[in-house]
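The values are calculated or read from the model by the stated rules, or taken from the named source; none is laboratory data. Here the structure is a predicted model, which is why all the values come from computation and not from measurement. Counting neighbours? That spans all protein chains shown, and the Cβs are built from the backbone with ideal geometry, glycine included. Quick note on the areas: whole protein, heavy atoms, side chains included, nothing else; ligands and nucleic acids left out. Shrake-Rupley method; radii C 1.70, N 1.55, O 1.52, S 1.80 Å.
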Amino acid sequence: MHTEVPVTTGLMPGRIRRTRAEAASATRVLLRRSRANPDRYVETAELFMEANQPDSAVAVYREGIAAVPGSFYLHDLLGRLYVRLGRDSLAAA
């Protein structure tokens with residue numbers, strides 16, 4: 001006789017989001033060591049987006065732009081993120 005065991009999947013997304021948020025926070029610490037590398041900012045912002053923390057992603061892009069002002073890549077990604085968030089007026093700035 002085979003008995004099915006119900007699986008609760010509702011807890012997993014929250015656990016994944018929390019793990020991604022923790023990873024993003026830890027990655028922020030690493031940014032202090034490699035401030036001139038735009039890729040570190042992109043990776044951290046993407047982790048925050050995966051953790052459903054878009055405002056933190058925006059903050060990371062803005063920090064990256066302050067640290068590496070000549071990075072077109074960071075400016076472009078921040079603008080795209082603003083558009084995704086419905087903040088078109090900020091994207092144009």
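Here is a check on your reading of the model: is GLU22 outside any loop (DSSP other than H, G, I, E, B), at pLDDT 75 or above and not polar (S, T, N, Q)? Outline the logic, then answer.
Numbers: outside any loop (DSSP other than H, G, I, E, B): yes; at pLDDT 75 or above: no; not polar (S, T, N, Q): yes.
For GLU22, the condition - outside any loop (DSSP other than H, G, I, E, B), at pLDDT 75 or above and not polar (S, T, N, Q) - is not met.
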**Asked** Of the conditions (1) out of contact with any Gly (no Cβ under 6 Å at 6 or more places or on another chain); (2) surrounded by 18 or more Cβ atoms within 10 Å (Cβ to Cβ), TYR41 fails just one. Which one is it?
**Response** (1)
**Message:** For the stretch 39-57, give me each residue that is closer than 17 Å to GLY86 by Cβ and outside any helix (DSSP H, G or I).
**Reply:** ASN52, GLN53
**Complete:** Inside the stretch 53-67, the number of residues satisfying the requirement of being crowded, with 17+ Cβ neighbours inside 10 Å and not hydroxyl-bearing (Ser, Thr, Tyr) is 8
**Request:** Give the residue, chosen from GLY70, GLY14, that is among the small types (Gly, Ala, Ser) and either part of a helix (DSSP H, G or I) or at pLDDT below 90 (or both).
**Result:** GLY14
**Request:** Look at the stretch 76-93 and say how many of its residues are open to solvent by 80 Å² or more (accessible area, probe 1.4 Å) and either in contact (Cβ under 8 Å) with a residue 60 or more places away in the chain or touching a Pro at 6+ places or on another chain (Cβ under 9 Å) (or both).
**Result:** 1
